[in-house]
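Let me begin by presenting the structure, written as structure tokens, before commenting on it.
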Amino acid sequence: MSELSFAELGLDPAVLEAVTAVGYEKPSPIQAQSIPALLAGNHLLGVAQTGTGKTAAFALPLLSRIDASVTEPQILVLAPTRELAIQVAEAFTTYASKFRQFHVLPIYGGQDFYPQIKGLRRGAQVIVGTPGRMLDHLRKGTLKLDSLKALVLDEADEMLRMGFIDDVEAILAKTPDNCQRALFSATMPPQIKKVAQTYLRNATEVKIESETRTVERISQFVLPVYAERKLDALTRILEVEPIDAAIIFVRTKAETTMLAEKLSARGHAVAPLSGDLNQRQREQTVEDLKRGKKDIIIATDVAARGLDVSRITHVINYDVPYDTEAYIHRVGRTGRAGRTGKAILLVTPRERSWLKTLERATNSPMEAYELPSPTDLKKMREQQFESQLLGFAEDKKLAKAMSLLDEIAERNEMDMAMVAGALACWMEAAQPGSLPLEQPEALPVVSATPPRRDRKGGRPGGFKNGPKGGFKKGGPKGRGGPGGGPGGRGKPPGKGGKPAGKRPPRQA
Ligand code: AMP
């Protein structure tokens, strides 16, 4: 992470205000390097992958340089897929939210021309689209580039792979000569280098280098999951892993509190840790984790720097880190004091390509994390329920409770199984999910390898429900067993009147 703050980078005040509102704490490394160069008007060649924060790396400075009051296309972004175009357009909309009368228009194939033409007529300062459709509009004259100030090629190597490179070059050739250009690509195949040489002048080159460092004593796992199912996946991981204490990394301050609230509602002893807390509050949170008052901390990179708590058995990367350096720092929060630790990384389909870089940098392959099957999970919950029940076999109040229920049974001619069943149903009504009645839902499997896409008919987002174990490296089962047998995490059932020391987590 860079030491410069967003406020020190010299962004337009409205853009800075929007970034502050989103809750980013610090510029990511690619942002710290790209923003000054683009603000200075330079061309830029960035070797960066999705997940590094590259969208903001170009969007923030380019938005800072345009005249927001002119409602003509001033920034054009070319993206390989419809899905990425939409995401980039959404990011621009967020970062431009403090401008008045500002429009960002996504344009992609497969959608009707008419709404796109209407949008273009209405006027938009930023156009983000796939090359084919963009070229169609240029040829039809519905898109004009006279006021264009900047052009970005996002995921250039993907556009090459998908056969769009001729369209890209045709568009590049139509951009005004004085237009600022930026090219981002995860890799630099010769054709992309050639495009860079032809269309970028004295470009600033930005590359996030990472030293290779071995991550010892930490077993590393990866679980590919759709973004909208991340919370479900996390809930299951927390249910099945034999966790003593865990740290979960997210990207924004807002997300630390949001996720902490969600996990707290699911019965976990959890606290957020971000730059929003003052020094004293942060120290208190860490102290709570050390003393076992909290078991889980949801943290941003900045807040968790240097955190040293030996009972952390698990690091969960809920959001991927910006670079391998940050990854290594994160996973280093476990495996302290000579112990072993486990790191689990959630990746969305868009972030998969990042994995290879990570494996190279840490010099260790990641194993596929396997969530338990719904049948296994149900069995586990049943065992847990049973062991919680047995935990009351010697409870002080058991005799009184039995005689009360005996009387009820006798008066109503019920057998004890029925009474017990009715009690359990009562418990379930009071706290839905406390009885393992339903078979849990299977989370959809995401392939770890990018699916093949063809030029026209391909799945635009490149998402695919791959076969189970779409990972190349199979590896042993990714979990540490279903929580150490009955009783889940080997913790004794609670004393006192509650059915367990900890409320059973609600079913995901
Ligand atoms: P990208 O690599 O552009 O796809 O960005 C990946 C994710 O990182 C997006 O969800 C962004 O909202 C988020 N992001 C970008 N920059 C920052 C930052 N400086 N701090 C926190 N999150 C960020």
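Just so you know, all these numbers are worked out from the coordinates, no wet-lab data involved. Please read all numbers here as calculations on a predicted model, not as lab measurements. As a convention, Cβ positions derive from the backbone with ideal geometry for all residues, glycine included, and neighbour counts pool all protein chains shown.
Worth pointing out:
- All other residues whose Cβ lies under 14 angstrom from that of PRO13 are scored, Lys and Arg at +1 and Asp and Glu at -1, for a net of 0.
- With kT/(6 pi eta Rh) evaluated at 10 °C and eta = 1.306 mPa s, and Rh the Kirkwood radius from Cα pairs, segment 218-371 diffuses with a coefficient of 103 µm²/s according to Stokes-Einstein.
- Relative to the longest principal axis of the Cα atoms of the chain, the long axis of helix 374-390 makes an angle of roughly 40 degrees.
- Stokes-Einstein D (µm²/s) once Rh is taken as the Kirkwood radius of segment 366-410 over alpha-carbon pairs, at 10 °C in 1.306 mPa s: 117
- Axis angle, to the nearest 10 degrees, between helix 230-240 and the longest C-alpha principal axis of the chain: 30 degrees.
- For the chain, the longest principal axis of the Cα atoms and the long axis of helix 398-412 meet at an angle of about 80 degrees.
- Modelled label positions at GLN279 and LEU4, each set 7 Å beyond Cα in the direction of Cβ, lie 2.7 nm from each other.
- Across the chain, Cα-Cα distances exceeding 34 Å account for 45% of all pairs.
- A convex hull fitted around the alpha carbon atoms of segment 6-208 yields 105 Å³ per residue.
- Contact order relative to length of the chain, as percent, for alpha carbon pairs under 8 angstrom and 6 or more apart: 16
- Approximating the spin labels as points 7 Å out from Cα along Cα→Cβ, the ALA399-to-VAL22 distance works out to 6.6 nm.
- Pairs from LYS98/LYS253; LYS207/LYS262; LYS26/LYS144; LYS26/LYS193; LYS54/LYS193; LYS207/LYS253 whose Cα-Cα separation, in the structure shown, is over 28 Å: LYS207/LYS262; LYS26/LYS144; LYS26/LYS193
- For segment 143-206, the list of trypsin sites (Lys or Arg not before Pro) that fall in a loop by DSSP and count at most 16 other C-beta atoms within 10 angstrom reads LYS144, ARG201.
- Residues whose amide H falls under 5 Å from that of SER353, counting only those 5 or more places apart or on a different chain, are absent, with hydrogens built in the peptide plane.
- The length gained on full extension between GLN439 and LEU423, counted as 0.36 nm times the residue separation minus their Cα-Cα distance, comes to 3.7 nm.
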